[in-house]
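*Asks:* Below is the structure I would like to discuss, written out as structure tokens.
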Amino acid sequence: MFLPIDPSSGLPIYRQIVVQVRRMIASGTLAPGDRLVSVRELSAALGINPLTVAKAYGELENEGIVDMRRGLGMFVAQPLSKLPTASGRRETMRPAADRYALEAAQAGLGAGEAARLVVESFDHMGEGAGADTTTKRRQSR
């Protein structure tokens, strides 16, 4: 698993790991059920403290992106789209949406600008087709 980390970036290294793992999952490089390299292996490969990798993996686990299997390691979680209903998927994403809305508000962004960033993120992942028609109509205005 190759993760390009930039120590001179303003983004903490653990956040860079989180972002890179998310991108790998979104692009299909990592699929549900795939095992992530161990904390020790990744920290040695990147030349960073194992606690930094553990913090990144912990955040990914808290977000439900990866699952810890005792004695086996970290694995990419099953996609949320496997939840039975749209309502179930929305409720699963509610905490992440609330965190994003709070961070966007603290950064001084309005709801429209924050929503545009989400749509742009989907576009970067190649998932623009996943946006609902209401969002697409709003964008085209």
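Quick note: the coordinates plus some simple rules give every number you see, no bench work behind them. Given the structure is predicted, the values throughout are model-derived calculations rather than measurements. Heads up, the Cβs are rebuilt from the backbone with ideal geometry, glycines too, and the neighbour counts pull from every protein chain shown.
*Asks:* Can you list residues from other chains, or at least 5 along the same chain, whose modelled amide H is less than 5 Å from the amide H of VAL66?
*Replies:* Close amide H contacts, sequence-distant or interchain: GLU61, ALA77.
*Asks:* Provide the FRET efficiency to the nearest 0.05 for the SER121-ALA44 pair, computing r from the beta carbons and using R0 = 22 Å.
*Replies:* Between SER121 and ALA44 the formula returns 0.10.
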